[in-house]
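Bear in mind that the values in this text are calculations on the coordinates, not laboratory data. Just so you know, these numbers come straight off a predicted model, no measurement behind them. Note that we place each Cβ from the backbone using ideal geometry, even for glycine, and neighbour counts take in every protein chain shown.
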Amino acid sequence: MKNKLIGNISQYIKNLKLRQKLLISYIVLIVIPLFIYSFITYSSFSDILKEKALFSADKSYSQAYSFISDKLLKVVKTMDVVVQDDIINQIANVSTENTDIFQQMSDMNHMTAFLHNLEDKSVVDKIRLYVKDGLIYANKSDVKTSPLFNINDIEDKIWYEKLKQSGNRILWCPPAYFSDNEEIAENTVSAVTFLRSSTDYSKIIALFRVDIAKSKLFEIISNANTVENSITYIQNSEGDIVLASDNRPAADFKVDNSLVIGQSNSETWNTARINNKNSFFHSKLISGTTWYMVTVIPYREIFSETAKIRNQTLIQVFFIASIAYLLAFLLSTSITGRISQLIGKMRSVQSGNLSQITKTVDKDEIGELIENYNYMISRIKLLLEEQYALGKEVKNFELKVLQAQINPHFLYNTLDMVICLSQENKYNEIESSVKALAKFYKLSLSKGKELVRIEDELYHVSFFVDIQNIRFNNKINFIIDMDEYIKDFEILKITLQPIVENAIVHGIQGKESKEGTIVISGSLDNDEILLLVNDDGVGIPEDRLDMITRGKLRSSSGSSYGIKNINERLKLFYGDKYGLSYKSEYGRGTTVEIRIPAKLTDDIY
């Protein structure tokens, strides 16, 4: 089905008129590069805006990250002071049975004063030390100013269990870890750590907790948002939101946890699909914690500035494309009008209507083709009149020669090939084809001379092969192998071209590869010239060889000027001993021998 559709489209394009094909090609060559240029410009501009916005966001992110890290580092240092203090550890590890009440009161006062001194209100909202049950100060949690609490009261809490299971020295707790009945403000996050016995590390002797007010972190992460509708939030390694810069639902901005962790070492901004919208994000692990700071910027906010530029660019492109279409239409009409006129006249010639084209003042290749066509038509008309008046067979041969000169089917095929090349935008091949065609017909005319130099005849057949190579993708290897002095001898014009045409059509084109070599060689044999046209085509069976010699087989190219005509024309002009002879080996190739008298070009009339 797919191949059939492609075939139908290909056939439709081939059936288009040359003007339509040229018009399409001009539009493609002008409009598509214009769109590509506009797209590249727009993309470059968008990239610049993106880089500028992300650079600014990166600076703000780095600054906010630095401030957050500093504050949380103070929390870590506060916890380290408590955990590493020998006196605190000694007091927390005392035996409740062997310590009298006076010593316990002294220990409570020492620890309360010590802990109050650690409270840095720029970071810490409240400090709590949970000690073993049985100590008199373990039940002072009803005193609002007391930092001492009973560890038995929290052993069933989620955050306590998570600290035991995590294996981390410090557990950073989001609000989700605390139940509704716990004594902790909704706008607070915490860091907790165990104090362990110095003699038995598996023994927990106390728990130290630092509460941090969200408001002290909120202002910092809010300053990281330099792009409108961007959001910065802090999450833990499990994906729980600790703090966000606004109150939007998490589904509107939260990046997949695997991406947050996986890209946390990246120095660049990454992309993610969030709530069916593309966004940039940057994540980084906050040093000394298990929290990640993440900033999310929607795509549309980065590229909103480019929308106006895009619309202006599209308007300009459509305006230029309209002008290009008008110019392409005028130019294609100018080119194809004359070609269509010439093709129409050539079809009329095939039908026997010998009418000329109005004389043109154009001097390009098409103008030269029209001028040559008019000249050949006038010559054919003149010879028709002479043939009718004189009734001589030699004039009939001249008419056939002139028909070979104009060769309507060859010209029609060549012009059709030019149309195909224009469809494929192969302008170099079009130029080469038209130039070779013009030179071919110029040599065909040879200023009305019957005899030409062998060198000119070789040029004539070379231009023919050049056109065929363009048509058949350079599959014909054409070689001329003869001494230069041979080229100065005369020969009847249009002798070699029909033979080479037969070698291509019946020989090389008959091979499966459609590729082959044609070699033209020549030598001087006493007072005669011997020319050989050799091809490595499929060769000719004996029965067909006899038919070709007698002119019973016509060229599939449509030329009526066959081998029989060449042979009879040579014999009529030079004598019966001269003419053509064939040697062929089926499957190996064919050699045509042309024998003519040796006469130098000084004798040409």
The extension gain from Ala598 to Asn98, computed as 0.36 nm times the residue separation minus the Cα-Cα distance, is 165.9 nm
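Pop the C-beta distance of Thr188 and Gln165 into the FRET formula with R0 = 30 Å and round what comes out to the nearest 0.05. List each step's numbers first, then the result.
Values: r = 23 Å, r/R0 = 0.75.
So the FRET efficiency works out to roughly 0.85.
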Val505 and Asn311 label points (each 7 Å along its Cα→Cβ direction) are spaced in nm at 6.4
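Suppose R0 equals 60 Å; then what is the FRET efficiency for Glu450 and Gln11 from their Cβ-Cβ distance, rounded to the nearest 0.05?
Values: r = 45 Å, r/R0 = 0.75.
Efficiency at R0 = 60 Å is approximately 0.85.
Based on other C-beta atoms within 10 Å, arrange His460, His110 from fewest to most.
Working: His460 24, His110 13.
Fewest-to-most ranking of His460, His110: His110, His460.
First select every other residue whose beta carbon is under 13 angstrom from the beta carbon of Tyr412; then total the charges, Lys and Arg +1, Asp and Glu -1.
On the way: positive: Lys345, Arg347, Arg471; negative: Asp416.
Spelling it out: positives minus negatives among the neighbours equals +2.
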Treating every alpha carbon of the range 85-216 as one equal point scatterer without solvent, the Debye formula yields log10 I(q)/I(0) values at q = 0.10 Å⁻¹ of -0.31
Once Leu49 and Tyr325 are pulled to full extension, the length gained, defined as 0.36 nm per residue separation minus their Cα-Cα distance, is 96.0 nm
Mean Cβ-within-10 Å packing, highest first, puts peptides 429-442, 515-528 in the order 429-442, 515-528
For the range 85-216, the count of lysine pairs 8 or more apart or interchain whose alpha-carbon atoms are under 24 Å apart comes to 27
Highest mean packing first, using Cβ neighbours within 10 angstrom, the peptides 590-598, 101-109 sort as 590-598, 101-109
Quick calc: nm separation of the 7 Å Cα→Cβ label points for Glu568 and Gln63 -> 10.2
Percent relative contact order for the range 210-355, counting Cα pairs under 8 Å at least six residues apart, stands at 18
Ser258 and Glu219 label points (each 7 Å along its Cα→Cβ direction) are spaced in nm at 4.0
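Say R0 is 51 Å: what FRET efficiency, to the nearest 0.05, do Asn477 and Ser38 get from their beta-carbon distance? Intermediate values should be presented prior to the final figure.
Values: r = 46 Å, r/R0 = 0.91.
After rounding, the FRET efficiency stands at 0.65.
If packing is taken as the average count of other Cβ atoms within 10 Å, what order do 467-474, 202-209 fall into, highest mean first?
Working: 467-474: 17.1, 202-209: 18.9.
Averaged packing, sorted descending, gives the order 202-209, 467-474.
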Here the relative contact order (percent) of the range 85-216, from C-alpha pairs under 8 Å and at least 6 apart, is 25
